[in-house]
Amino acid sequence: MTNRFWRIERRPEGTDFASALALVEEPLPELGNGEIRIRNAMLSMDAGTRLWLTDREDGYQPPLPVGAPMTGLVVGEITASRAEGFAQGDLVRAFGVWGETSQVDAAMSGAVKLDPSINDKRAWFGPLGMNGWTALWGIEETGAAKPGERVLVSAAAGATGILAVQIAKLLGCEAWGIAGGPEKCRFLTDEIGISGAVDYKSGDVGTQLDAASGFDLYFDNVGGPLLDEVLKRMNHYGRIAVCGLLADYGSGNRTAPKEFDQVLMRRLRVEGFFSPDFMDQGERLTARLMDWHKEGKLVMPYDVTQGLENTLTAYEKLFTGGNIGKVIVELEQ
């Protein structure tokens with residue numbers, strides 16, 4: 001039995017993924033103890049995985065080695081199992097490979113069985129998945145949002161950002177978002193119903209931010225120069241929850257705020273967080289999100305690309321602003 005998957009051939013430069021990853025076919029090894037074999041139905045495209053393709057050793061996990069399969073979240077059906085608690089036919093989500101099949105250690109891959117009654121399986125990547133967990137944790141736990149506060153989210157038209165602004169609203173906050181282009185900003189204000197949207201591609205960002213008269217919480221997915229603009233507009237004793245540094249991924253630059261003195265002047269708390277921080281809270285977070293999902297209170301548009309061979313085209317959208325909502329690759333079954 002063989003598997004077709006994307007293999008890392010070299011470290012990519014910028015968004016030139018086509019010269020760095022190759023679609024290859026290799027035999028699958030025998031299933032080992034504790035392992036499951038998943039027929040991938042969907043692959044999750046996540047900007048944070050770009051860091052895994054660099055050679056940085058100071059990240060929250062080691063980089064993926066050259067010659068290894070590209071890794072990411074997958075949803076699919078188990079076709080074979082030698083892991084206790086998992087059986088053939090179970091629908092699962094796990095950290096697998098960008099391929100037709102993921103053969104992984106059930107425990108090490110964070111495999112979880114999913115409720116097959118959820119009609120739209122894409123939700124297990126969006127509101128009910130890691131993006132939902134991250135949005136909820138960043139707003140409520142790291143950001144400590146309180147009713148009546150003003151919350152700003154960058155990359156607010158991306159999968160995590162869209163959920164973060166909605167969760168802020170559900171917790172009684174005034175939600176604002178930063179996004180690129182009028183279409184994304186209209187979506188945030190007209191479809192999601194947030195209080196205001198800042199188009200970082202149009203006009204003076206600082207002037208647009210001034211319309212909100214200060215922020216209590218900034219959920220930052222971007223970093224870079226945008227952080228400087230926000231630092232000057234934070235309210236005293238505000239919090240900045242650093243979720244991602246999209247401006248840095250693949251650029252070779254590091255976010256170095258020129259306005260860092262505002263952390264002192266405004267008595268700000270800045271805290272970074274990653275999904276490993278709350279993996280053990282997944283069941284509790286999913287239960288919270290499930291209630292909102294079933295009530296139709298969490299809107300998520302899906303940007304779906306068909307076919308394993310088109311994976312890199314989908315992935316590139318995360319770094320060029322070519323998507324609204326969750327980017328997913330669907331595979332033929």
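Rounded to the nearest whole Hz, the Karplus-based 3J(HN,Hα) values (6.51 cos²θ - 1.76 cosθ + 1.60, θ = phi - 60°) of the stretch 178-195 follow the sequence 10, 8, x, x, x, 4, 5, 5, 5, 4, 5, 7, 8, 8, 8, x, 7, 6, with x at glycine and proline.
Of the peptides 204-214, 97-107, 139-149, the order by per-residue mean of other Cβ atoms within 10 Å, starting with the highest, comes out as 97-107, 139-149, 204-214. Coupling constants for the stretch 162-176 follow from the phi torsions by the Karplus curve (6.51 cos²θ - 1.76 cosθ + 1.60, θ = phi - 60°), and in residue order they are 4, 6, 4, 5, 5, 5, 4, 4, 4, 8, x, 9, 8, 9, 10 Hz; glycine and proline get x. Taking only protein heavy atoms and a 1.4 Å probe, the accessible area of the stretch 250-333 is 48% carbon and sulfur.
What percent of all Cα-Cα pairs in the stretch 2-161 falls into each 10 Å bin, going from 0 up to the bin containing the maximum distance? Percent of Cα pairs in each bin: 10, 33, 35, 18, 4, 0.
Could you tell me what fraction of 2.2 N^0.38 Å the Cα radius of gyration of the chain comes to, as a two-decimal ratio?
Numbers: Rg = 19.9 Å, N = 333, 2.2 N^0.38 = 20.0 Å.
Dividing the Cα radius of gyration by 2.2 N^0.38 Å gives 1.00.
Hey, got a sec? Which trypsin sites (Lys or Arg not before Pro) in the stretch 229-263 land in a DSSP loop and have at most 12 other Cβ atoms within 10 Å? Within the stretch 229-263, the qualifying trypsin sites (Lys or Arg not before Pro) (loop, at most 12 other Cβ atoms within 10 Å) are R254, K258. For N40, the residues whose amide H sits under 5 Å from its own are T101, S102, ignoring neighbours fewer than 5 places away on the same chain, with H placed 1.01 Å from N.
Considering only Cα-Cα distances, which of the following residue pairs are longer than 21 Å: K201/K317; K169/K317; K121/K169; K184/K326; K113/K297; K121/K297? Each step should come with its number before you reach the end.
On the way: K201/K317 17 Å; K169/K317 27 Å; K121/K169 25 Å; K184/K326 13 Å; K113/K297 24 Å; K121/K297 17 Å.
With Cα atoms farther than 21 Å apart: K169/K317; K121/K169; K113/K297.
Amide H to amide H distances under 5 Å link R150 with E174, D216, L217, where only residues 5 or more positions off or on other chains count and H is placed in the peptide plane. Accessible area ranking (1.4 Å probe, heavy atoms, ligands and nucleic acids excluded), largest first, for E9, E183: E183, E9. For the stretch 104-121, the Karplus equation 6.51 cos²θ - 1.76 cosθ + 1.60, evaluated at θ = phi - 60°, returns couplings of 9, 6, 4, 6, 5, 8, x, 4, 9, 6, 10, 6, x, 6, 5, 5, 9, 5 Hz by residue, with Gly and Pro reported as x. Per residue, the solvent-accessible area of the chain (1.4 Å probe, heavy atoms of protein chains only, all protein chains present) comes to 44 Å². For V198, the residues whose amide H sits under 5 Å from its own are G177, I178, A179, ignoring neighbours fewer than 5 places away on the same chain, with H placed 1.01 Å from N. Which lysines does K258 reach when only Cα atoms under 18 Å apart count, and residues fewer than 8 places away in its own chain are ignored? The reachable lysines, counting only those whose Cα sits under 18 Å from K258, are K232.
The values are calculated or read from the model by the stated rules, or taken from the named source; none is laboratory data. Since the model is a prediction, treat every value here as computed from it, not as a measurement. No Cβ is skipped: glycine too gets one built from the backbone with ideal geometry, and neighbour counts run over all protein chains shown. What goes into the accessible areas is simple: the full protein's heavy atoms, side chains included, and nothing from ligands, DNA or RNA. Shrake-Rupley method; radii C 1.70, N 1.55, O 1.52, S 1.80 Å.
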